[in-house]
Amino acid sequence: MPTTASPAIEDYLKTVYAHTEWQPDPITPSVLAAKLGVAPSSVTEMVKKMAAQGLVQHVPYGPLRLTDAGRAHALAVVRRHRLIETWLVREMGYGWDEVHDEAEVLEHAVSDRLLEAVDARLGRPTRDPHGDAIPAADGTLVSEPYALLADAPVGHAGRVIRISDRDPAILRDLDDAGLGPGAVVEVTDVSPEAVRVHLAGGEASVVLPRLAAEAIWVSA
């Protein structure tokens, strides 16, 4: 793993990485401040500190980009977070809608030795309960072409790759509908308010409010 960083810097790096993991637009300081729930002035000071440490590239009023060192740090934090989420669901009886906040705390405390033991115990998983890729210890991860369900046309069929964990209520609703990572769906109708999909192996369709469809990624 890269040299250690403070928990605050780890949170910043993870947030910058996560912003561009499933869409191409780089993150700006104002968006970073909103995502972290801190004042723009706090972001400005932290960005200066991270830039001085060679973790980010930044020009005034421009977007932030991780350096190679910053990306390595970010992936190490992401690895800890997602392995912890997987462990909590598989071994500790947590629901997939309950693990994010717990992992936010534990990711800063777990040792490399314990993380390796958790990884081995779980059988070296490559995806967490929400379908997000778990980086390997060397920073590599599994990826594949994807499409946002909310943007998919009628007739598009694919396997659910990932569901955002930003809204626990959406996760619970999708769980009740039997729709999670690995489910195979076909888009049968699209409207400004909702997306209707048919789940493979079932007879009924599921109508997803657009907010839910915007939280689901399927294979392209």
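The values are calculated or read from the model by the stated rules, or taken from the named source; none is laboratory data. Keep in mind it's a predicted model, so treat the numbers as computed, not measured. Heads up, the Cβs are rebuilt from the backbone with ideal geometry, glycines too, and the neighbour counts pull from every protein chain shown. Heads up: the accessible areas ignore ligands, DNA and RNA and are worked out on the full protein's heavy atoms, side chains in. Shrake-Rupley method; radii C 1.70, N 1.55, O 1.52, S 1.80 Å.
The distance separating the Cα centre of segment 11-48 from that of segment 100-141 comes to 22 Å.
Using C-alpha positions alone, give me the convex hull volume of segment 48-158 per residue in cubic angstrom.
Values: hull volume 18.2 nm³, N = 111.
Considering the Cα atoms of segment 48-158, their hull volume per residue is 164 Å³.
Shape class of segment 1-81 from the Cα gyration tensor (axes a ≥ b ≥ c, square roots of the eigenvalues): rounded, since a/c falls below 1.5.
Determine, for each peptide in 180-189, 33-42, the mean count of other beta carbons within 10 angstrom over its residues, then list the peptides with the highest first. Kindly include the intermediate steps, with their values, before the conclusion.
Numbers: 180-189: 17.2, 33-42: 12.5.
For the peptides 180-189, 33-42, the packing ranking is 180-189, 33-42.
Considering only the other residues whose Cβ falls under 14 Å of the Cβ of VAL16, what net charge follows from Lys and Arg at +1 and Asp and Glu at -1? Result for the neighbourhood of VAL16: 0. Charge dipole of the chain (Cα centre as origin; +1 on each Lys and Arg Cβ, -1 on each Asp and Glu Cβ, all else neutral): 660 debye, rounded to the nearest 20. When the solvent-accessible area of segment 95-214 is split by element, carbon and sulfur atoms take up 52 percent of it, the probe being 1.4 Å.
With contacts taken as Cα pairs under 8 Å at a separation of at least 6 residues, the chain carries a relative contact order of 15 percent. Rg and Dmax over the alpha-carbon atoms of the chain stand at 18.4, 57 Å. Annotation: per residue accessible area for the chain equals 51 Å², rounded to a whole number [probe 1.4 Å, protein chains only]. Quick check on segment 147-220: take the gyration tensor over C-alpha atoms, sort the square-rooted eigenvalues as a ≥ b ≥ c, and tell me if it's rounded (a/c under 1.5), prolate or oblate. It comes out rounded by the Cα gyration axes.
Considering only TYR17, ALA51, GLY131, and ranking their Cα positions along the charge dipole of the chain that arises from unit charges at the beta-carbon of Lys, Arg, Asp and Glu, the one farthest toward the positive end is ALA51.
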